[in-house]
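J.: Questions regarding the structure given below will be posed in turn.
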Amino acid sequence: MRFNEKELVFLSRQPSERAAELGMRGPKKGDVVKRRVVKLIVNFLFYFRTDEDEPIGALLLEQCRVEREDDQVFSIVFLDEAERKYLFECDSQEQCVEWIDAIVKASYEFMRKNLIYYRTEIHRLTGKDPLEQYGISDETRFQVNSGLPPLPPAAT
């Protein structure tokens, strides 16, 4: 996926959901753990040298798996590049759990699943589709395609 570098730098300067100085090891053989300032902004994980303001890299947190490796270590692996693993060392077990939770919740797919869940629940409770008023209820991205039946038409 291609990104405009100026737009990414601009995004990296926005308020973050989480930010901390963590140990980070890249996916290349021979990479060593280095201290990096890591910022979670929307669904990007930016990383910076500790003394610089511009990111040296960014991970788009889509189609990836976040796993706990140790009490204070978690990893990110992308599904299309399973052999490439990024490791992050936290300062505490609690910080590690918080980072994992925040990263999992940052993905578009997680937010989409939540939207579909709450849409279904609102429809079940009220008989109305909450997306219908916005004219987007029939868009494919908001459809349940996980084996659940589609929402019935809203009552008029």
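J.: Could you say which residue among Arg65, Arg112, Arg119, Arg84 is under 23 Å from Arg141 (Cβ atoms) and assigned to a strand (DSSP E or B)?
T.: Arg65
J.: Next question. Take the residues of the range 21-49 that are modelled with pLDDT of 95 or more and more than 20 Å from Lys85 (Cβ to Cβ): which is nearest to the chain's Cα centre (by Cα)?
T.: The selected residue is Ile41.
J.: Cβ-Cβ below 6 Å, separation at least six or inter-chain, first residue in the range 93-122 and under 14 Å from Lys39 (Cα atoms), second among the charged types (D, E, K, R) and open to solvent by 30 Å² or more (accessible area, probe 1.4 Å): which pairs?
T.: Matching pairs, first to second residue: Ala102/Glu17; Ala102/Arg18.
J.: Shifting gears a bit: I'm trying to understand the selection: among the residues of the range 68-81, which are of a type in the set (A, V, I, L, M, F, W, C) and assigned to a loop (DSSP other than H, G, I, E, B)?
T.: Leu79
J.: Of all residues in the range 114-156 being at pLDDT below 80 and more than 27 Å from Val104 (Cα to Cα), which is surrounded by the fewest Cβ atoms within 10 Å (Cβ to Cβ)?
T.: Top of the filtered list is Thr156.
J.: I'm trying to understand the selection: among the residues of the range 16-34, which are within 17 Å of Val77 (Cα to Cα), open to solvent by 50 Å² or more (accessible area, probe 1.4 Å) and part of a strand (DSSP E or B)?
T.: Correct list: Arg25 only.
J.: For the range 35-52, which residues satisfy the criterion of being farther than 12 Å from Val104 by Cα and either touching a residue at least 12 places away in the same chain (Cβ under 8 Å) or polar (S, T, N, Q) (or both)?
T.: Matches in the range 35-52: Arg35, Arg36, Val37, Val38, Lys39, Ile41, Phe46, Tyr47, Phe48, Arg49, Thr50.
J.: May I ask you to say which residue of Cys96, Cys64 is at pLDDT 95 or above and open to solvent by less than 80 Å² (accessible area, probe 1.4 Å)?
T.: Details: Cys64 fails: at pLDDT 95 or above.
Going through Cys96, Cys64 in turn, just one is at pLDDT 95 or above and open to solvent by less than 80 Å² (accessible area, probe 1.4 Å): Cys96.
The values are calculated or read from the model by the stated rules, or taken from the named source; none is laboratory data. The structure presented is a predicted model; accordingly, all values stated were derived computationally and were not measured. When we count neighbours, we look across all protein chains shown, and the Cβ atoms used for this are built from the backbone with ideal geometry, even at glycine. Only protein heavy atoms, including side chains, enter the accessible area calculation; ligands, DNA and RNA are left aside. Shrake-Rupley method; radii C 1.70, N 1.55, O 1.52, S 1.80 Å.
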